[in-house]
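Working notes, beginning with the structure itself.
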Amino acid sequence: MTFRILHRYLGFFLAGIMMIYAVSGITLIFRNTDTFKQEVQKEITVEAGLTEETLGRALRIRDLKVIDNDGTMLVFEQGAYNPETGEAKFTAKELPGWLDKITHLHKATTNDPLYYFNMFFGASLFFFAVSAFFMFVPKSPMFKKGLWFTLGGIVLAIIMLMV
């Protein structure tokens, strides 16, 4: 099998995966904002007697700030927590289910079985990029022009990393 054939069929195979990664990558750019997120009402029970700092970690709310503490309830911007029972009612902002799943795919680490898929995808993209150079005869004008575009891409990436 030649590089051209492998490149063609791997390209078709990866097209759908690349579209999913593109959507999740764009979504992750906005991860520090509420873009794409929906409000979800939550009622959960955590450990009783938590402090402001430990409550934020338990509820997975960054920079949780208690607004009022009357001894029976800790009130914070997103909701309230009963330190006696450990019951918390609050509003969270989350990505819709399908979008959360594909961003999880994008962020998978070595602790996640999706790690193997990400390794395959990364290796495939690397092969895809390298095999593109075997699509044309090295002395052809198309190949030489391709090398200039490749150099342009490398230079742009370096500039973006320095900014």
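Values as computed for the structure displayed
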| item | result |
| --- | --- |
| Modelled FRET efficiency - R0 30 Å, His104 with Phe133, Cβ distances, 0.05 increments | 0.35 |
| Pairwise centroid distance, computed over Cα atoms, of region 107-134 with region 33-67, Å | 35 |
| Count of lysine pairs in the chain with Cα separation under 22 Å (8 or more residues apart, or interchain) | 13 |
| Computed lengthening from Ala92 to Glu52, 0.36 nm per intervening residue step minus Cα-Cα distance | 12.7 nm |
| Helix-only mean residue ellipticity at 222 nm for the chain, each DSSP H run of n ≥ 4 adding -39500 (n - 2.57), per residue, nearest 500 | -17500 deg cm²/dmol |
| Charge context of Glu84, other residues only, Cβ under 13 angstrom, K/R +1, D/E -1 | -3 |
| Three-way shape label, region 93-163, alpha-carbon gyration tensor, a/c 1.5 | prolate |
| FRET efficiency for Gln38 and Leu6, using Cβ-Cβ distance with R0 set to 30 Å, rounded to 0.05 | 0.10 |
| Per-residue ³J(HN,Hα) for region 71-86, Karplus 6.51 cos²θ - 1.76 cosθ + 1.60, θ = phi - 60°, Hz, x for Gly and Pro | x, 9, 9, 9, 9, 10, 3, 8, x, 9, 9, 9, x, 7, 9, x |
| Selection from Val163, Asn82, Thr72 lying farthest towards where the dipole of the chain points positive, charges on Cβ | Val163 |
| Among (i) 70, 36, 25; (ii) 56, 35, 27; (iii) 79, 35, 25, the entry derived from the coordinates for Cα extents along the principal axes in Å | (iii) |
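Every number here is computed from the coordinates shown, using simple stated rules; none is lab data. These numbers were taken from a predicted model, which means no experiment stands behind them. Methodologically, a virtual Cβ is constructed for each residue, glycine included, from the backbone with ideal geometry; neighbour enumeration extends over all protein chains shown.
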